[in-house]
Amino acid sequence: MTESVEQHYGNDGIVQRIVEALTQSGFDMENLDPDVLAGADEFHIGGREGTIQVASAININAEHQLLDVGCGIGGAARFFARSTGASVTGVDLTPEFVGAAIELTNLVGMSGQIDFKVGSATDLPFMDDTFDAVTMLHVGMNIADKDQMMSELARVCRPQGTILIYDVTITKKGDLPYPMPWSSTPQFSFPEPVENYEKAAAQAGLRHIGNSDHYDLAVKFFNDPPAAPPIVTLGHLMGPRMMQMKDNAAEAVNQGLISPVMMEFRVP
Ligand SMILES: C[S@@+](CC[C@H](N)C(=O)[O-])C[C@H]1O[C@@H](n2cnc3c(N)ncnc32)[C@H](O)[C@@H]1O
């Protein structure tokens, strides 16, 4: 199963495509503002707006260490590092994404504050109680075993630490169209209702602080995109197949089958 999730996301030439597009548009690669990457490096509903929702709830500062699980090519990790001052570690299953995350972080001069590692959310390569907060954006839809996932997030987070999950959740029964952005087939797709996350979190001993449903943001994201698209997009990250995935996700949102929800938990 692990291999298939990695195969869905993994592809060569990500940084090259991004750098070529930016160079052609006249950007100076020696002085690149990380914000310029936002169209391609925030692979979740709402893009930057979704990242801001999570950042506004983290409540950490420069003295803290944050783990971003399923970090992709590191867009959210870089934003959290800049907005909180914290040291950030990103971990992801897909080696090509981790490689791109490292390269892009070097490119924007942030490698002193952020590091990245290949690893799985269900078997995190960190000691107990390592981080002050843990974030996870749009990753649980790839993970069948939510109990094991929650238990690992809880294990690596220190007492009183915050765990923020911003995932695509199931809001109504119905068949999802595929390919979806997180999976080409139903076989490796495990989006679930928020209640299942809450149950898994309770099992892991976490306290549930609350949820915020960002359905309106999803409707706007898919139906009302900016008139001028950004220079780099999720097409640079995933290739031409992204268009069909985005259309299918839009259809599922518009039918009310899925919604992005942010869930907040606390380690006792
Ligand atoms: C839709 S992308 C989101 C990436 C990033 N969080 C963001 O918002 O830009 C899902 C990411 O989860 C990663 N992923 C999927 N299953 C995982 C697992 N079991 N452990 C760690 N990462 C996983 C994928 O490799 C991919 O980078």
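Read the figures in this text as sums done on the coordinates, not as results from a lab. No experiment lies behind these values; they were computed from the predicted model shown. Quick reminder, even Gly has a Cβ in these numbers, built from the backbone with ideal geometry, and neighbours come from all protein chains shown.
Brief remarks on what is shown
- Extent along principal axes [Cα atoms of the stretch 74-164; Å; largest to smallest]: 37, 29, 21
- In this calculation the C-beta distance from ASP115 to ASN254 is compared with R0 = 51 Å, giving a FRET efficiency of 0.85.
- For q = 0.17 Å⁻¹, Debye-computed log10 I/I(0) when each Cα of the stretch 2-266 counts as one equal scatterer: -1.44
- In order through the stretch 96-113: 3J(HN,Hα) via Karplus (6.51 cos²θ - 1.76 cosθ + 1.60), integer Hz, x for Gly, Pro: 5, 5, 5, x, 5, 4, 5, 4, 5, 5, 4, 4, 9, x, 10, 6, x, 10
- Where a label projected 7 Å from the Cα of LYS172 along Cα→Cβ would reach, residues of the stretch 218-248 with amide N under 17 Å: 218-220, 222-223, 248
- Phi angles across the stretch 257-268 convert, under the Karplus curve 6.51 cos²θ - 1.76 cosθ + 1.60 with θ = phi - 60°, into 3J(HN,Hα) values of 7, 9, 8, x, 10, 9, 10, 10, 10, 10, 6, x Hz, Gly and Pro given as x.
- Furthest towards positive pole of dipole, ALA100, ILE258, GLN7, structure part the stretch 2-266, Cβ charges: ILE258
- For the chain, adding -39500 (n - 2.57) for each run of n ≥ 4 DSSP H residues and dividing by the number of residues yields -11500 deg cm²/dmol at 222 nm.
- Taking a straight Cα-Cα cut-off under 26 Å and skipping sequence neighbours fewer than 8 places away in the same chain, the lysines within cross-link reach of LYS117 are LYS146.
- Here the 3J(HN,Hα) profile of the stretch 149-163, calculated from phi with Karplus coefficients 6.51, -1.76 and 1.60 at θ = phi - 60°, is 4, 5, 5, 6, 4, 5, 4, 7, 9, 5, x, 6, x, 9, 10 Hz, Gly and Pro shown as x.
- Spatially proximal lysines relative to LYS220 (Cα-Cα < 24 Å; intrachain offsets below 8 disregarded): LYS172, LYS173, LYS246
- Using the Cβ of ALA77 as centre and a radius below 15 Å, the other residues enclosed give a net charge of -4, where K and R count +1 and D and E count -1.
- VAL134 sits among other residues whose Cβ lies under 13 Å from its own Cβ, and their net charge, with Lys and Arg +1 and Asp and Glu -1, is -3.
- Total formal charge among the other residues, if their Cβ is under 14 angstrom from that of ASN248, Lys/Arg +1 and Asp/Glu -1: -1
- The fewest-to-most ranking of PHE126, PHE80 by surrounding Cβ atoms within 10 Å reads PHE126, PHE80.
- With the charge dipole of the stretch 13-65 set up from +1 on Lys and Arg Cβ and -1 on Asp and Glu Cβ about the Cα centre, the Cα lying farthest toward the positive end among the listed residues ILE45, LEU22, HIS64 is that of ILE45.
- Using the Cβ-Cβ distance between GLU20 and ILE209 with R0 = 51 Å, the FRET efficiency computed as 1/(1 + (r/R0)^6) comes to roughly 0.75.
- Put simply, the convex hull of the Cα atoms in the stretch 122-162 casts, on average, a shadow of 2.8 nm².
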